[in-house]
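Novice: Quick one: the structure is below, questions incoming.
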Amino acid sequence: MSLFIKNGEIVTATERYIADIYCEGETISAIGRNLPAPTGAEIIDATGKYIFPGFIDPHTHIYLPFMGTYSKDTYTTGTQAALVGGTTTIFDMCCPSRAMSAKEGFDTWNTQSDGKACCDYSYHMGVTKFDDASANQLRAIVAAGVSSFKIFLAYKGAFGIDDTELYRTLKLAKELGVIVTAHCENETLIAERQKELLAAGKTDPAQHHESRPPLVEAEGVHHLMTFAELTGTSVYIVHLSCEEALKNAVDARLRGVDVSVETLIQYLLIDKTYAEKTDLEGAKFVMSPPLRDARNQPVLWNALRTGLIQTVATDHAPFDFKDQKPMGAADFTKIPNGIPALEDRINLLYTYGVKTGRLDLNTFVNVASTQAAKLFGLFPRKGCIQIGADADLVIYDPAYRGKISAATQTMNVDYSGFEGWPIEGRPSVVTVRGEVAVRGGKFTGTIGRGQFLKRAPNHF
Ligand code: URP
Ligand code: ZN
Ligand code: ZN
Ligand code: ZN
């Protein structure tokens, strides 16, 4: 298996130049101008196209038992959709319920993924309780190659942990050299506000935002920062949505806390008015933290551009509009949370970030690929184009014009939060460790090619 990609414009987080790339087996073996075409290699002419390192989504929920139902994708459908959209590595959240042990959770996710993924994947290991058995099981999971945890300061009674558990989890992570990713919202405030709203007869999807306004998220971030500062643990705030929360993260960084920040493509592009639509249409746009007032969007774009925010993810959590979102028709607290976007993140970020001048091409690659590889121990195997790196490549056609639609998407969900949005560019060829997995916008790869990526701790 060898590939010779001619004349593309290679764009990494730091460079931009025209060259040929030779991929032998699973890795990149040569990069240069006017390389001789190797015999037997498939030749792909990339003239007029960009070649990006495979994109990395650091936050997905391919398999997620949540709010009385299951997210709709499987490791096969979800990773196919990822690839069609140019994402070649995902980090899925392994989220056992509090009734399960960490080991049971890890085994369950492995059963879901093993032999079914089309792109490479890893997990952030959810610590949804911390009891006597947890520490040893978590040590074993880290030794098995999962060098990041996930905690929830929200979802009381489900995934949420209390302060004792938080402190002990962070201490263990510090000892093991593991980075802790965290959903930051104050669960007590949410629970109280939900009760008040429902008691006042306010049950529609727009109330979701009222139950968890920006200060609820900002308090969650501040809370985590206090614990991270006291324990010295490296932390990563997932799905940060608003200015108030960002300020608390930046303040902590100035005090020396090792904190990185992720935002989502949804927060960058859609605002809370989408969730205020009537006839349950708003339920499509219910996620946590909620979509925010539009005033936050320029703040998030500027923070990305200037390096205050490190990554753009999707938090892909697909629940059908037809029969899952209506579970909350009479009570907004029962709407399964999530807005699917795994397939669309890169095309949206390119169209509405790069083409509008909000991000330059190098920053685009950095926030959508390289930074995640660095933070989570995959660099330089992933996140770059250099000799020896995995041949995960996205040959991107900037001349493509199209529209996002649920009718044509690969994600296994019956709606799109971005229905009808024009896109200006898309991956024309995508490779997974040297094998072509997408041609002309369609998955052509192999089910089961995706590998579980073992990551070592103490990489930063
Ligand atoms: O609304 C969201 N974000 N759904 C998925 C679960 C989570 O909080 O990440
Ligand atoms: Zn979350
Ligand atoms: Zn607090
Ligand atoms: Zn999530």
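The values are calculated or read from the model by the stated rules, or taken from the named source; none is laboratory data. Values in this document were obtained by computation on a predicted structure and should not be read as measured data. Reconstructed Cβ throughout: ideal geometry from the backbone, glycine too, with neighbour counts over all protein chains shown.
Novice: Could we say that A294 is in a loop (DSSP other than H, G, I, E, B), at pLDDT 95 or above and farther than 19 Å from A249 by Cβ here?
Specialist: So A294 fits the description; yes.
Novice: Can I ask one more? Which is under 23 Å from A372 (Cβ atoms) and touching a Gly at 6+ places or on another chain (Cβ under 7 Å), of M225, M287?
Specialist: Just one listed residue meets the conditions, M287.
So that you can scan it fast, the table gives a plain yes or no per residue for (1) in contact with a Leu (Cβ under 7 Å, 6 or more places away or on another chain); (2) of a type in the set (K, R); (3) surrounded by fewer than 22 Cβ atoms within 10 Å (Cβ to Cβ); (4) farther than 23 Å from G353 by Cβ:
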residue: S241; (1), (2), (3), (4): no, no, no, no
residue: D251; (1), (2), (3), (4): no, no, yes, yes
residue: D258; (1), (2), (3), (4): no, no, yes, yes
residue: Y267; (1), (2), (3), (4): yes, no, no, no
residue: P290; (1), (2), (3), (4): no, no, no, no
residue: P336; (1), (2), (3), (4): no, no, no, yes
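Novice: Can you tell which of T164, T181 is of a type in the set (S, T, Y) and more than 14 Å from ligand 2 (Cβ to nearest atom)?
Specialist: Of T164, T181, the one residue that is of a type in the set (S, T, Y) and more than 14 Å from ligand 2 (Cβ to nearest atom) is T164.
Novice: Please determine, by comparing only the residues of segment 47-88 that are β-branched (V, I, T) and under 30 Å from N34 (Cα atoms), which one is farthest from ligand 2 (Cβ to nearest atom).
Specialist: T47
Novice: Identify the residue in segment 203-234 that is away from ligand 1 (no atom under 16 Å from the Cβ) and in contact with a strand residue (DSSP E or B) (Cβ under 9 Å, 6 or more places away or on another chain) and, among all such residues, is nearest to N337 (Cα to Cα).
Specialist: Top of the filtered list is M225.
Novice: Can you work out which of the residues in segment 413-427 that are surrounded by fewer than 18 Cβ atoms within 10 Å (Cβ to Cβ) and in a loop (DSSP other than H, G, I, E, B) is nearest to the chain's Cα centre (by Cα)? Give the derivation first.
Specialist: So the first thing to find is which residues in segment 413-427 are surrounded by fewer than 18 Cβ atoms within 10 Å (Cβ to Cβ), and the list is 419-420, 422, 424.
From what's left, in a loop (DSSP other than H, G, I, E, B): 419-420, 424.
Working: E419: 20, G420: 23, E424: 22 Å.
Checked segment 413-427; the qualifying residue nearest to the chain's Cα centre (by Cα) is E419.
Novice: Go through segment 404-460 and report how many residues are among the basic types (K, R), farther than 25 Å from I339 by Cα and out of contact with any Gly (no Cβ under 7 Å at 6 or more places or on another chain). Even if it seems obvious, please write down each step before you answer.
Specialist: Within segment 404-460, the first condition is being among the basic types (K, R), and the residues that meet it are 426, 433, 439, 442, 449, 454-455.
The next check asks that each one be farther than 25 Å from I339 by Cα; those that pass are 433, 439, 449, 454-455.
From what is left, the residues that are out of contact with any Gly (no Cβ under 7 Å at 6 or more places or on another chain) are 433, 439, 449.
So the count comes out to 3.
Novice: Can you find a residue that is of a type outside the set (A, V, I, L, M, F, W, C), under 20 Å from E262 (Cα atoms) and within 16 Å of ligand 1 (Cβ to nearest atom) anywhere in segment 154-169?
Specialist: Scanning segment 154-169, I find at least one residue that is of a type outside the set (A, V, I, L, M, F, W, C), under 20 Å from E262 (Cα atoms) and within 16 Å of ligand 1 (Cβ to nearest atom), so the answer is yes.
Novice: Does T88 qualify as being β-branched (V, I, T), outside any strand (DSSP E or B) and away from ligand 4 (no atom under 16 Å from the Cβ)?
Specialist: no
Novice: If I ask for residues that are outside any loop (DSSP other than H, G, I, E, B) and touching a Gly at 6+ places or on another chain (Cβ under 6 Å), which ones from segment 105-120 would you list? Spell out how you get there, then give the answer.
Specialist: If we filter segment 105-120 for residues that are outside any loop (DSSP other than H, G, I, E, B), which is where we start, we get 105-113, 120.
Passing the criteria: only D120.
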